[in-house]
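S.K.: Here's a structure for you.
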Amino acid sequence: MNDRTKTRIGWAVALAVAASLLVYSLGYYHAVRGGIAQFSDDIDEGIEFFLVAYEKNPDAFMVAHDLAGCYALKGDVDECFMWLERALASSYGSYAKSYARTEADFDSVRELPRFQELVFDR
């Protein structure tokens, strides 16, 4: 292996490490782990990962949305609405509202007046 190839490999490794650190620092790793836990019906673990993801990146509206869904699944209505309001207040609130209208995670709260007001503008 010549020096040029070694240099290119070194830069590729450095870039991969930097990308991994960026993904980790922005909370994407924790958001994905939260989604895996939620999908596996381990709601408490999902919440733990989503909370770390939100702490790392409070602009990630889907993390707030996912936390709202987890709390709805647990039957914690107050936490559900707190997180749903955060998701709806983000610059992507219309997307969060659209997802919440049909997502099964919100079945337990969908008919509540507060949900109707927040999501369906009623």
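S.K.: Pick out the one residue from E117, E111 that is part of a loop (DSSP other than H, G, I, E, B) and surrounded by fewer than 20 Cβ atoms within 10 Å (Cβ to Cβ).
M.R.: Working: E117 fails: part of a loop (DSSP other than H, G, I, E, B).
Answer to the check: E111.
S.K.: For E79, indicate whether it is surrounded by fewer than 19 Cβ atoms within 10 Å (Cβ to Cβ), at pLDDT 95 or above and under 14 Å from the mean Cα position of the chain (by Cα). Full working, then the answer.
M.R.: Details: surrounded by fewer than 19 Cβ atoms within 10 Å (Cβ to Cβ): yes; at pLDDT 95 or above: yes; under 14 Å from the mean Cα position of the chain (by Cα): no.
No; evaluated as a whole, the condition is false for this residue.
S.K.: What residue, of K56, K97, K74, is under 22 Å from S25 (Cα atoms) and surrounded by fewer than 21 Cβ atoms within 10 Å (Cβ to Cβ)? Outline the logic, then answer.
M.R.: Numbers: K97 fails: under 22 Å from S25 (Cα atoms); K74 fails: under 22 Å from S25 (Cα atoms).
Checking each option against the conditions leaves just K56.
S.K.: Within the group A68, A89, A104, A64, which residue is of a type in the set (G, A, S) and within 16 Å of G27 (Cβ to Cβ)? Break it down into steps so the answer makes sense when it comes.
M.R.: Details: A68 fails: within 16 Å of G27 (Cβ to Cβ); A89 fails: within 16 Å of G27 (Cβ to Cβ); A104 fails: within 16 Å of G27 (Cβ to Cβ).
Unique residue meeting the criteria: A64.
S.K.: In addition: Quick check on the stretch 36-53: of everything there that is within 11 Å of the chain's Cα centre (by Cα) and of a type in the set (G, A, S), which residue is modelled with the lowest pLDDT?
M.R.: A53
Results for (1) within 16 Å of G34 (Cα to Cα); (2) of a type in the set (V, I, T); (3) modelled with pLDDT of 95 or more; (4) assigned to a helix (DSSP H, G or I), shown as yes or no for each residue.
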site: E55; (1), (2), (3), (4): yes, no, no, yes
site: Y71; (1), (2), (3), (4): yes, no, yes, yes
site: S91; (1), (2), (3), (4): no, no, no, no
site: Y95; (1), (2), (3), (4): no, no, no, yes
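S.K.: Right, here's the next one. Give the number of residues within the stretch 53-84 that are charged (D, E, K, R) and either in contact (Cβ under 8 Å) with a residue 60 or more places away in the chain or more than 14 Å from V109 (Cα to Cα) (or both). Before you say what the answer is, go through the steps one by one.
M.R.: Going residue by residue through the stretch 53-84, those that are charged (D, E, K, R) are 55-56, 59, 66, 74, 76, 78-79.
Among the residues that remain, those that are also either in contact (Cβ under 8 Å) with a residue 60 or more places away in the chain or more than 14 Å from V109 (Cα to Cα) (or both) are: 55-56, 59, 66.
Summing the residues that are charged (D, E, K, R) and either in contact (Cβ under 8 Å) with a residue 60 or more places away in the chain or more than 14 Å from V109 (Cα to Cα) (or both) in the stretch 53-84 gives 4.
S.K.: Determine the pairs where a residue that is among the acidic types (D, E), located within the stretch 26-52, has a partner that is in a helix (DSSP H, G or I) with Cβ atoms under 6 Å apart, the partner being 6 or more residues away or on another chain.
M.R.: The qualifying pairs are E45/A37.
The values are calculated or read from the model by the stated rules, or taken from the named source; none is laboratory data. Owing to the predicted nature of the structure, the values given are computational and were not obtained by experimental measurement. FYI the Cβ positions are ideal-geometry reconstructions off the backbone, even for glycines, and counts take in every protein chain you see.
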